[in-house]
Structures are given as C-alpha cells and as structure tokens.
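Enquirer: Structure provided below as structure tokens; questions to follow.
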Amino acid sequence: LERDEKKIDIKRMSKGEGCNLDGYMLVNRVAGNFHIAMGEAVEKNGRHVHQFIPEDAPNFNVSHIIHQLSFGLPIPGRSERGALDGVIKIVTEDTGTTGLFQYFLKVVPTYYKSHKAAKQAIMETNRFFVTERFRPLMTEVADEHYALGTEHNEDVIGVHAGGKGGGSSHAHHEHHKIQNAVLPGIFFVYDIYPFALEVSKTTVPLSHLLIRIMAVVGGVISLTGIVISFSADTRPRTRSV
C-alpha cells in the first residue's frame, strides 16, 4: 500500500510471480515454525501478523518444489535424502486455487560415530519425520432450495418431508464457492524431540559369520531328520501271512 493524505494506491499481485529461496538460519532448540506466506509481516502487540488485501488472496499461488530441506550439516560420505527433498505440490482450480500448506516436522538429534573410535562422535546433525496438511482457500458448497407445490384435489399447500404429505416439492441445487479464513502460504512447524539417536557403523568378524553358517546348517540337518522320522512313523505297515 502506498499511502498519502488523500488516497490509498493498492498494488495488486499478478499471476505468475514466484521466487527461489536458498539459504540457512539459526534456531533455538525449542518448538517453532518458519513460513513463506502472503502479505507484509509486521509485529503487533507482540504477535507476528501478515497484512494483505483479502480480495487478492486467490492470486497468491502456493505451488512449490522443495529441492532440499535439512536440519544441520550433511554427513560426509552419506547420501541420505531428507523426508521433503524433491516434494512437488501444485494447486489448481479443483483444489481451491490456493491455500495453506502445513508441514509438521519431528526433529530428532542424531549423532554419527566412527568405527574405530566408537566413543567419539564425528558429526552431530538432525533427522526429521514429517506429516502434512492442506487447507484450501476456496471451498465449493451446494445450497438446496425447495419449491412448494399444491395438490389439485385440495386447496392446501404441503411439503413432502420423508412421507406422503398433502403436496409436492422440488429441490433445486446451486453450487458456489466461499472463501475460507486461511492465510495462503507454506508453513514448516517443527518440534525437537528431547532424546537423541546414535548411529554407529560396525563390521562383523569372519568367525561370527562362520558360526552363523554352522548354526543354519545344523538347523537344516535337524529339521530334515525330524521330517524323515515322522514320515517313517506314519507309513502304513503290511503283514505277511
């Protein structure tokens, strides 16, 4: 809004506008959220609010692609993908034109430890799990209008309400869209778990592998002997006269 003493000049949003975000931020180890939403962010009475023109809300397209999202530094030598890496969300007229995307993230502190020094953490980072929800801006509703009718035999007006009344009625449906009270945008709501996950890499000695193979072979031999003895006991016996 460009304001002066006489008039207010409204700059409306044009369709097709977009942006590409890349960067990082430092957050405290408490629950919080970060978001990309419509409007100008201001602080009012200790609250974070967005100011925008309500009539311009359908023009704010929340279609997005998340190329990469992580909490913490990547682990050298590991190619794990994040839970939201490569996510694509496209809004259309059928999905309410635009709306509110919410990603609820559960962040778990994770320690990766080396094989040689299992007691020393080589890297501290975080894993996260996600659930999502979408609330459309526009919702289609149907209104039912009933037209009352009269019977020819009686001069009374009646309405059928699940039974045989003294008149007739006709239902007429009208579909229209209403605008919900949502802030169009993409919200990442995160919560940090109070416990940590430890990941360590170990190798199994050759002797353990040989013991496991011998145990498997012994189990197979024992099972085979049980099957042979059971089949021998159930075999019919013939007598010679």
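The values are calculated or read from the model by the stated rules, or taken from the named source; none is laboratory data. On a predicted model such as this, the values are computed, not experimentally measured, just so you know. A quick note on method: Cβ atoms are made from the backbone with ideal geometry, for glycine too, and the neighbour counts reach across all protein chains shown. These area figures cover heavy atoms from the full protein model, side chains too; ligands, DNA and RNA do not enter into them. Shrake-Rupley method; radii C 1.70, N 1.55, O 1.52, S 1.80 Å.
Enquirer: Just to confirm my filter: which strands (runs of 3 or more DSSP E) fall fully inside the range 18-136 and include at least 2 residues that are under 23 Å from the mean Cα position of the chain (by Cα)? Full working, then the answer.
Expert: On the way: elements: 32-37, 40-44, 47-51, 64-66, 87-89, 99-113, 121-136.
Here the list reads 32-37, 64-66, 87-89, 99-113, 121-136.
Enquirer: Which ones in the range 64-89 are open to solvent by less than 100 Å² (accessible area, probe 1.4 Å), more than 15 Å from Tyr103 (Cβ to Cβ) and of a type in the set (Gly, Ala, Ser)?
Expert: Within the range 64-89, Gly72, Gly77 meet the criteria.
Enquirer: Enumerate the strands (runs of 3 or more DSSP E) found wholly within the range 148-241, keeping only those where 1 or more residues are exposed (fewer than 10 other Cβ atoms within 10 Å of the Cβ) and either at pLDDT below 80 or in contact with a strand residue (DSSP E or B) (Cβ under 8 Å, 6 or more places away or on another chain) (or both). Talk me through it step by step, then tell me what you get.
Expert: Values: elements: 169-179, 185-192, 197-200.
It comes to 169-179.
Enquirer: Which residue pairs have Cβ atoms under 8 Å apart, sit 6 or more places apart or on different chains, and have a first residue in the range 200-229 that is in contact (Cβ under 8 Å) with a residue 60 or more places away in the chain and a second that is surrounded by 10 or more Cβ atoms within 10 Å (Cβ to Cβ) and aliphatic (A, V, I, L, M)?
Expert: Ser200/Ala118; Thr202/Ala118
Enquirer: Also, I was wondering about something else. So for the range 70-79 (the condition being within 18 Å of Ala37 (Cβ to Cβ) and at pLDDT 80 or above), does at least one residue qualify?
Expert: Going through the range 70-79, the residues within 18 Å of Ala37 (Cβ to Cβ) turn out to be none.
No, the range 70-79 contains no residue that is within 18 Å of Ala37 (Cβ to Cβ) and at pLDDT 80 or above.
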